[in-house]
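Notes follow once the structure below has been shown.
A short reminder: the numbers here are calculations on the coordinates, not readings from a lab. Keep in mind that this is a model prediction, so the values were computed, not measured. Using ideal geometry, Cβ is built from the backbone for each residue, glycine included, and neighbour counts are taken over all protein chains shown.
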Amino acid sequence: MPTVFLSYRRSDLAGEVGRLADTMQQKMGGGFAFRDVTNIPLGAKFDQVLREELAAAKIVLVLIGPTWLHELEQRLKQPDVDYLRVEVATAMSQGKRVIPVLFRGAALPRAEAVPDDLAPLAKHQAMTIRDESWSQDVDRLLDAIGRPYRWNMLALRAAVALVMIVVAVNLALPLLPNHRANDIYFLRSLVASLAGIYALIEFAVGYRHFKRLRQGYRA
């Protein structure tokens with residue numbers, strides 16, 4: 001399940017949301033963020049999928065453009081369900097980390113300007129993503145969210161580390177006593193020991209990153 005749920009109105013920010021989703025996919029991988037247009041399978045009950053994805057997500061980004069508040073006011077006059085309102089209100093009621101993200105000069109709506117179930121949104125720290133500094137702003141957002149540890153790259157890192165260890169041991173052969181340099185069992189043990197140290201470092205870094213990420217989700 002994706003870590004981040006993107007909540008937005010297509011009439012307000014369809015282009016920016018598509019660009020943001022693409023940028024996140026490039027930087028974090030395809031399973032990082034949920035966007036209804038691309039992540040709801042054909043034929044699925046979209047309201048059920050939205051509930052499931054929202055329940056599973058760690059963070060909800062409320063993407064706000066210049067017509068966000070006007071669109072909300074218009075939807076309040078209609079009898080049908082406003083799914084954006086449901087998404088945001090549900091995320092806050094469940095205690096998820098909700099981050100308002102502002103585009104194209106939009107401001108965070110005041111508490112008195114929205115329904116009571118959305119009023120707490122005004123107290124959430126927001127950030128702005130600007131077109132002229134898009135990549136840097138998205139990087140700041142991802143840093144604030146907390147970048148997942150790249151376990152999918154573990155095999156590659158381990159392979160590179162093993163090659164470097166073997167090369168380092170070979171370079172160190174002239175410095176070893178002759179009986180050690182010619183002892184294949186000693187050299188294998190040395191390589192295995194260095195590989196074990198690398199594995200411990202990899203585990204420690206991953207565990208530390210996991211703890212920091214969990215704290216970020218709860219912030």
The range 117-141: number of residues that are farther than 20 Å from residue 95 by Cα, part of a helix (DSSP H, G or I) and hydrophobic (A, V, I, L, M, F, W, C): 2
Looking at (1) within 30 Å of residue 85 (Cβ to Cβ); (2) among the acidic types (Asp, Glu); (3) surrounded by 13 or more Cβ atoms within 10 Å (Cβ to Cβ), which one does residue 183 not meet, given that it meets all the others? (1)
Would the range 59-71 turn up any residue that is out of contact with any helix residue (DSSP H, G or I) (no Cβ under 7 Å at 6 or more places or on another chain) and buried (at least 17 other Cβ atoms within 10 Å of the Cβ)? yes
State yes or no: is residue 100 under 20 Å from residue 123 (Cβ atoms), surrounded by 15 or more Cβ atoms within 10 Å (Cβ to Cβ) and free of Cβ contacts under 8 Å to residues at least 40 places away in the same chain? yes
Any chance the range 156-175 includes a residue that's among the basic types (Lys, Arg) and in contact with a strand residue (DSSP E or B) (Cβ under 8 Å, 6 or more places away or on another chain)? no
